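In what follows, a structure is listed as structure tokens, so that the remarks can point back to it.
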Amino acid sequence: MRISELRISGSGLIVDGVDLEVSSGETVGLVGESGSGKSLTARAATGLLPKGLRATGSVTLDGRELLGARERVWRSVRGTRVSLLMQDPFAMLNPLRTAGAHVAESLRGRRDRAEVLRRLAEVGIDDPDVAGRHPFQLSGGMRQRVALAAALAADPGLLIADEPTTALDATTQHEILMLIRGLQRARGMGVLLITHDLRVAFELCDRVAVMYAGRIVEQGPPAEMAKAPAHPYTAGLLAAVPTVERRLPRLIGIRGSVPSAAQVSATCAFAARCDQATSECAHARPPLRELRPERLTACLHEVRPRTRVEEGGQERRQVTGDEVLRVTGLRRTYGSHVALGGVSLHVNRGESVGVVGGSGSGKTTLARCVLGLVRPDSGTIELADPVRPRHQLVQCVFQDPSTSLNPALTVGATLTEAAAQGPAKDRLTPAELLELVGLPVAYARRRPAGLSGGERQRVAIARALSVRPALLICDEPVASLDVSVQAHVLELLREVGTSMLFITHDLAVVRQMADRLVVLARGEVVESGDTAEVLDAPAHAYTRRLVASVPAAP
Amino acid sequence: MAVVKRLCAAVLLLGILSVLTYGLLAAAPGGPEQVLLGGRPSTPETRAAIRAQYHLDDPFPVRYARWLGDALRGDFGTSISSREPVTTVIADRLPVTAGLAGYALVLTVVVGVPAGLAAAMRRGGRLDQGITLASLVALSIPSFALSILLLYGFAVALGWFPVFGAGDTPMDRLVHLTLPAIALAAAQAAIVVRQMRAAALDLAAQDFLTFARARGLPRWRVWVSYALRNAALPVLTVGGLLLAANLTGSVFVEQAFGLHGLGALLISAVGEKDIPVVQALVLFGGAIVILVNLLIDLAYVAVDPRVRHKAATA
Amino acid sequence: MRAILVAVLGLAAVAAVAGSWLAPYDPAAQDLALGAAEPSAAHWLGTDDLGRDVLSRLLAGAGSALMWPVLVAACTTVLSTTLGLLAGYRLGWVDALMMRTVDLAIAMPGMLVLIVVVGVIGGGYGWAVLAMALLFTPGDIRVIRSLTLAQRELAYAEAARTLGLPASRIMFRHLLPNLAPTVVASSLLSFVAALVALAGLSFLGIGLPAGTPDWGLMVQENRGLLDLNPWASIAPAALITVVACAATLLGDRAFESLSKGGLR
């Protein structure tokens, strides 16, 4: 498949001139942060753009022009020549049909039960009963396998996989990626993998294209790109990606936020956020030029290697012996499901303790119990001070920046209200709080809708700190943020220096944040200890699986 | 299990409705004797006769049980105004109302479903805006006001339709019932249009529909086993609402067009304090609504494997 | 479009408040010699069979036709918002009890019950209004409750609870503003439903003595005059229709603009 000069526009320009080629037998990665236009590119390549969006340019498959083709032509191509696997395994399957029916209806030629079972076995489902189950009876990983079997049922030459593992657990994610790679090799098909995760793309792909604000800014083999990025944006992304191998003294994000394609159509898309930008960058749009065969960049300059900052930011934390949290034998069940099966842990003053585990491990229930949002069935929770009310001792930063702030209140009103819940002495003002999290004081008058995801998460941190809590719980605080923003927020959390219970599924993030680590699986602590020791030499089989499923750092 | 639970709820509801209905007799002004006497002279002898005939001296639960027993056997007593058995009175009036309701139902489906789909397909376009506006208007016009406007426009001013009556021959009846059926169907069709449009739009945004197309499934399969089956569920939920609109609406429409159906019967019975007839009609209407809602619940269990699974395990 | 809708409702409000003063004739004054006459310079909308001026009767009836529905809508909105928030936020037995009751109430054919109760037991408008508010509330409770349930799970609501804010403050200061589009829209819909239902009751001759200048009753009483002076019953029918449509459309627009960005 060859995509050239692809432009997609709705009410504004979204994708601005994408050129990309995928041959059979190769895996190409298309990497970009949210809003870069990568998913729409995939949709356009299968003729499935949502209503109201138009594509111009050219999409050819084996030399045949498809863009602008009639639906009948597309239908003859889809499934048999090119197929699309989407992100959300919970939404992709028809809730009213069984797993087997999904595969059977997509088959061409033989449609008997034996063939369906063979196809399911190909994606690693050996239990023949699965064919008769409905999607709601299957786990996320199983659904994604069924979807993959259905997508490949008509033996397409090209599979476009749009964030196929983003909604899955780390270990499942790894299994599905390995499965896609195995199938790609066995069938000799082409794969276009669309992902926001550089590490995933680097691990799996023969060639990687980096997308930014609706265009491709760099393309090349992953090994070379990791070693010497040819575009400052790639370099910035690489610097911002946390690694599981060591604790970086300082996390560096990219300043500013992503522009829309329309805003930057006549300039270098990255110029406004680039440290190397010159006046030329803002005057004309740099073409995607060839550095050497297979290596393309849209930057006019030679990229300076990033100076590694080896001395850290000021870390104010000092670990002392007294405890701010001790949890003993915490149990909580929902019906027959055991969310917490007797969990014990403690956090010392000034210490940052990481809690890791997959979905269903009970890590969020643990946080909610400590916060008092859920009443445990048994077990005790002791906080720093038995006299002060709970809300002055422990506060939380929640995951989703889009809902973490009340859309009806201004930032200032939110912070004032929160601070009023704290001790009466030395109450913090909104201005002080905003300054603390590195936001302009003028933001107090804004409503959350006027803030970016990273800025909202900063306000949420300010709100949590406003009562001067002894313990800050962070429940996946950066899981919904783009990599370039994530680093800023993590660095901020390091700087504020409160004792922390840091909950995450991401081992690379927890390596950067936690002194000590607790690994949860199915509501039980399976391993705990010094972060470096646990991650470098995991003792429990589950921890080993978790560590093994982290994509290698670029 | 869930099926049993729903059956129990339906029976409970019918029970409450019947107590309330029976309570009407006691709550009516002047008390039960006065009501049951109707227009007859009130002398100590007639009063005693009534008390004996209706066992009015028994305690309320006993009276209620006796009444309920009779009602279950299809005996609702005699109408006070016409002195005929209530069941006969109702059977006389049923054909007109049934014809009207059936006619309106056909119109509702024939107009509502395609209009809703068309609006969803042309989302945001002129056609969609027009259909959405029309459905909002149809939803807010009271059926009696619409009846009068139709009656004046098409029957009096243009003279295309008869002004009065329900017609005798089947063809004649169809002509007579056309305007009333339109007046009755308007609000229901609007409900169907809105629900259909919302269901179709919701469906169009679903990943599984895109994924079905991405696998190159034939168009008919995408339509039948993906779009229609999934859209049927939300539309099914308004079935109960439609029926309620139909029952209430027919009272007004029959009154406005001078049709002698059950709705008109209810109003005249209420006016004449003909309590046995009112009781039978309320119980009849209530039972229909409750039964249809039960059927819709059961249909849900049949169509949706998630509900079926819950029903099996709960 | 919006300006037209507001203007229609504004005019209706003026008629409701000052209708009796604006009426050119005494709404009860009869002119039997004139009888049912078509519109003329003296009687803009003609007269009914007793020679009473139709326009004056419409204006005189505007007050009761519109004020009672406003009252019903106000009661319904306050009741359903408070109870719905309470059930959705508190959950537990409060919620279970309330939802069982609501389920039962919704399954009842409400309008039929209203017709029968008000018709048989009597008691006039007061009872009808009270019964109607009780009739409309359960449906709205269910809507508000399900929205509250969705909102209380969101991070901002959890953060408010984590901060130890009192439940009343979370419900009314944090959750309520985010339900505003629905509350506004459903109060307008309650108004329409009450307008239509009350006019319907009087159209059926229930709740009001004959001869009262009331829109619904006028449609019914003058139905036989369609050939003599059609305006006598068409005008009140059209008025009810126009006001009901305007309120519905306004509710629809208000919901869209509020949920799109009224708060942003």
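The residues of region B:2-72 present an accessible area of 56 Å² per residue when probed at 1.4 Å with all protein chains retained.
Accessible surface comparison of A:41, C:77, B:169, probe 1.4 Å, protein chains only, largest first: the order is B:169, C:77, A:41.
Kirkwood Rh over alpha-carbon pairs of the protein assembly as shown, then Stokes-Einstein at 10 °C and 1.306 mPa s: what D in µm² s⁻¹, rounded to an integer? Roughly 46 µm²/s, to the nearest whole number. Here's how it looks for residue A:13: its modeled amide H is under 5 Å from those of A:262, which are all 5 or more places away or on a different chain.
Atom-type composition of the exposed protein surface of region A:323-549 places 49 percent of the accessible area on carbon and sulfur (1.4 angstrom probe). For peptide A:408-421, the mean count of partner chain Cβ atoms within 10 Å of a residue's Cβ comes to 3. Placing unit charges on the Cβ atoms only, positive for Lys and Arg and negative for Asp and Glu, gives the protein assembly as shown a dipole magnitude near 1860 debye about its Cα centre. Burial of accessible area (probe 1.4 Å, heavy atoms of protein chains only) in region A:445-485, relative to its chain alone, reaches at least 20 Å² for A:447, A:449, A:463. Net charge near residue A:438: determine it from the other residues with C-beta under 12 Å of the C-beta of residue A:438, scoring Lys and Arg +1 and Asp and Glu -1. Its environment carries a net charge of -2.
The mean count of C-beta atoms from other chains within 10 Å of the C-beta of residues in A:89-99, rounded to a whole number, is 5. Among the residues of region B:130-164, those with an accessible-area drop of 40 Å² or more from chain alone to full protein complex, heavy atoms and 1.4 Å probe, are B:133, B:136, B:140, B:142, B:144, B:148, B:149, B:152. Surface exposure of region B:214-287, expressed per residue as accessible area with a 1.4 Å probe, stands at 31 Å². Ranking C:127, C:215 by solvent-accessible area of protein heavy atoms (1.4 Å probe, all protein chains present), from largest to smallest, gives C:127, C:215. For region A:92-155, carbon and sulfur atoms together expose 49% of the accessible surface, with a 1.4 angstrom probe and every protein chain in place. A probe of 1.4 angstrom, applied to the heavy atoms of all protein chains, finds residue A:549 with accessible area near 10 square angstrom. Surface burial for C against A, with a 1.4 Å probe and both sides summed, reaches about 1900 Å² of accessible area. Pairs of Cα atoms nearer than 8 Å and 6+ residues apart set the relative contact order; for chain C it is 26 percent.
Peptides B:201-209, A:70-78 ranked from most to least packed, by the mean per-residue count of other Cβ atoms within 10 Å: B:201-209, A:70-78. The Cα atoms of chain A give a gyration tensor whose axes a ≥ b ≥ c have a/c of 1.5 or more with a/b no greater than b/c, which makes the shape oblate.
Here the Gaussian network model covers chain B, with springs between Cα atoms less than 10 Å apart; of B:297, B:57, B:70, B:57 fluctuates the most.
Using the heavy atoms of the protein chains and a 1.4 angstrom probe, tell me the accessible area per residue for region B:99-144 in square angstrom.
Roughly 48 Å² per residue, with all protein chains present.
Helical content alone sets the calculated 222 nm signal of chain A at -8500 deg cm²/dmol, taking -39,500 (n - 2.57) per DSSP H segment of four or more residues and averaging over every residue. Taking all Cα pairs closer than 8 Å and separated by 6 or more residues, the relative contact order of chain B comes to 27 percent.
Of the trypsin sites (Lys or Arg not before Pro) in region A:425-475, the ones in a loop by DSSP (not H, G, I, E or B) with at most 13 other beta carbons within 10 Å are A:425.
Extent along the principal axes, Cα only, for chain C: 77, 43, 27 Å, with the longest axis given first.
Restricting attention to region A:323-549, close to 55% of DSSP beta bridges with both partner residues there are antiparallel.
If you only keep lysine pairs separated by 8 or more in sequence, or across chains, how many in the protein assembly as shown come under 24 Å at the Cα atoms? Number of lysine pairs found: 4. Buried surface between chains B and A: roughly 2500 Å² of accessible area, summed over both sides, computed with a 1.4 Å probe on protein heavy atoms only. Heavy-atom accessible area, probed at 1.4 angstrom with all protein chains present, ranks A:417, A:5, A:435 as A:435, A:5, A:417, highest first.
The accessible area of residue A:88, taken with all protein chains in place and a 1.4 Å probe, comes to roughly 50 Å². When nucleic acids and ligands are ignored and a 1.4 Å probe is applied, residue B:288 ends up with an accessible area of around 60 Å². The residue list A:117, A:139, A:107 was ranked by how far each Cα lies along the charge dipole of region A:92-155 toward its positive end, using unit charges on Cβ atoms, and A:107 comes out on top. Computed over region A:82-217, the Cα gyration tensor eigenvalues convert (square root of 5λ each) into semi-axes of 26, 16, 13 Å, ordered from largest to smallest. Cysteines of the protein assembly as shown lacking any other cysteine Cβ under 4.7 Å from their own Cβ: A:205, A:274, A:299, A:369, A:396, A:474, B:8, C:75, C:245. Only protein atoms count toward the accessible area here, which uses a 1.4 Å probe; on chain B, the carbon and sulfur part of that area reaches 68 percent.
Legend: mean number of C-beta atoms from other chains within 10 angstrom of residue C-beta atoms, peptide A:204-210, equals 0. Other residues with beta-carbon under 15 Å from the beta-carbon of residue C:76 carry, at +1 per Lys or Arg and -1 per Asp or Glu, a net charge of +1. Bridges between two residues of the protein assembly as shown, per DSSP, are antiparallel at a rate of about 55%.
Binning all Cα-Cα separations of region A:229-272 at 5 Å, short to long from zero, yields these whole-percent fractions: 5, 19, 23, 20, 16, 8, 6, 3, 0. Taking the charge dipole of chain A about its Cα centre, with +1 at Lys and Arg Cβ atoms and -1 at Asp and Glu Cβ atoms, the residue from A:76, A:259, A:228 reaching farthest to the positive side is A:76. Taken about its Cα centre, region B:157-289 carries a charge dipole of about 880 debye when Lys and Arg each add +1 at the Cβ and Asp and Glu each add -1 at the Cβ. For the peptides A:16-29, A:378-391, A:145-158, the ranking by mean Cβ contacts within 10 Å, running from highest to lowest, is A:145-158, A:16-29, A:378-391.
Once B binds C, the 1.4 Å probe can no longer reach about 3400 Å² of accessible area, counting both sides. Does region B:86-313 classify as rounded, prolate or oblate by the C-alpha gyration tensor (a ≥ b ≥ c root eigenvalues; a/c under 1.5 gives rounded; else a/b over b/c gives prolate, otherwise oblate)? Here region B:86-313 falls in the oblate category.
The values are calculated or read from the model by the stated rules, or taken from the named source; none is laboratory data. Please read these numbers as outputs of a predicted model, since none were measured by experiment. FYI the Cβ positions are ideal-geometry reconstructions off the backbone, even for glycines, and counts take in every protein chain you see. Heavy atoms of the whole protein, side chains included, go into the accessibility calculation; ligands, DNA and RNA do not. Shrake-Rupley method; radii C 1.70, N 1.55, O 1.52, S 1.80 Å.
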